[in-house]
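Let me begin by presenting the structure, written as structure tokens, before commenting on it.
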Amino acid sequence: MFLLRRMRRQLSSSRNVYATLSACAGISLFFLLSVTSYAHGVAEGDKGYIQEISGVNILPFVYLGAKHMFTGYDHILFLLGVIFFLYKLKHIGIYVSLFAIGHSSTMLLGVYFGTNVSSYLIDAIIGLSVVYKALDNIGAYQRWFGVQPNTKVMTLVFGLVHGFGLATKIQEYELSRDGLLPNMLAFNVGVEIGQLLALATILIVMSYWRRTDSFLKHAYTANVIMMIAGFILIGYQLTGYFVS
């Protein structure tokens, strides 16, 4: 009987490992397909509309900003990593504000001064930010190097990088210089709206998940999946950079 129970436990453990690996592979494949479908893409309808208008157009740019942020898988992945183990709204507010300050600054400055940076390289660094945060969440830096990066500083720094990513996307619209500043401010407002919507969605899902026993059991696996997604994003963007 003892041997039978032991074999059953081993079989159950093997099934759990297999299920976890299958889930990782499936989610990673889905993410890869999503990346190859949408990365670097500016919707042709949006691009055509923006190229045809000039002057101050507040509402269209608010909409475009919200749409880009809410559907920006790379930004959302990083945001998920940032708030993954944050439980208090005060702490969430601090980190999200640092991220917002970072990406707002470089987005506005990058577009206004026409800073040209390869969007592939910027997006690869954004992928690196996802990998960094996933490793941070599983305590890798303390185990490997005996140090803990300043999480607030790193959130701000990667926010600056994400802002350059937004700036490269915006410049694909070939914006008119007429009304550029108010339009960019409107776009930034839209980005913040999209970020709040994405954050609210994440927090709702996370709040339900944290109430279950599976959260602590699978938090490590979730961050490993996040890390895999970040590496896939890095690989895809670097491939695009060297091939294009």
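List of remarks:
- Figure legend. Inter-residue proximity from region 60-74: first residues in contact (Cβ under 8 Å) with a residue 60 or more places away in the chain, second residues among the acidic types (Asp, Glu) and crowded, with 22+ Cβ neighbours inside 10 Å, beta-carbon distance below 6 Å, spacing 6+ or different chains. No pairs are indicated.
- Residue pairs whose Cβ atoms lie under 6 Å apart, sitting 6 or more positions apart in sequence or on different chains, and linking a residue in region 212-231 that is without any contact (Cβ under 8 Å) to a residue 40 or more places away in the chain to a partner that is part of a helix (DSSP H, G or I), are Phe215/Trp209.
- Count of residues meeting criterion [under 16 Å from Ser104 (Cβ atoms), within 15 Å of the chain's Cα centre (by Cα) and among the polar types (S, T, N, Q)] in region 166-214: 1
- Residue selected from region 151-195 under the condition farther than 16 Å from His75 by Cβ and among the hydroxyl-bearing types (Ser, Thr, Tyr), by the criterion modelled with the lowest pLDDT: Tyr173
- In the condition set (1) surrounded by fewer than 17 Cβ atoms within 10 Å (Cβ to Cβ); (2) in a helix (DSSP H, G or I); (3) not small (Gly, Ala, Ser), Val147 is compliant with all but (2).
- Ser207 falls short on exactly one of the conditions (1) surrounded by fewer than 19 Cβ atoms within 10 Å (Cβ to Cβ); (2) in contact with a helix residue (DSSP H, G or I) (Cβ under 9 Å, 6 or more places away or on another chain), and that condition is (2).
- Remark: Leu196 falls outside the filter, which requires a residue to be without any contact (Cβ under 8 Å) to a residue 60 or more places away in the chain, part of a helix (DSSP H, G or I) and closer than 25 Å to Leu121 by Cα.
Table: residues versus (1) surrounded by fewer than 18 Cβ atoms within 10 Å (Cβ to Cβ); (2) hydrophobic (A, V, I, L, M, F, W, C).
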position	(1), (2)
Met154	yes, yes
Gly159	no, no
Gly163	no, no
Ile170	no, yes
Glu174	yes, no
Asn183	no, no
Phe187	no, yes
Val191	no, yes
Leu197	yes, yes
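- Any hit, region 105-123, residues being under 12 Å from the mean Cα position of the chain (by Cα) and either touching a residue at least 12 places away in the same chain (Cβ under 8 Å) or surrounded by 15 or more Cβ atoms within 10 Å (Cβ to Cβ) (or both): yes
- Enumeration of residues in region 111-127 that are closer than 11 Å to Gly165 by Cα and of a type in the set (A, V, I, L, M, F, W, C): Val111, Val117, Leu121, Ile122, Ala124, Ile125, Ile126
- Residues in region 176-193 that are touching a residue at least 24 places away in the same chain (Cβ under 8 Å) and touching a Ser or Thr at 6+ places or on another chain (Cβ under 9 Å): Ser176, Asp178, Gly179, Asn183, Asn188, Val191, Glu192.
The values are calculated or read from the model by the stated rules, or taken from the named source; none is laboratory data. All values derive from a computational prediction rather than experimental measurement. Every residue, glycine as well, gets a Cβ built from its backbone with ideal geometry; the counts of neighbours run over all protein chains shown.
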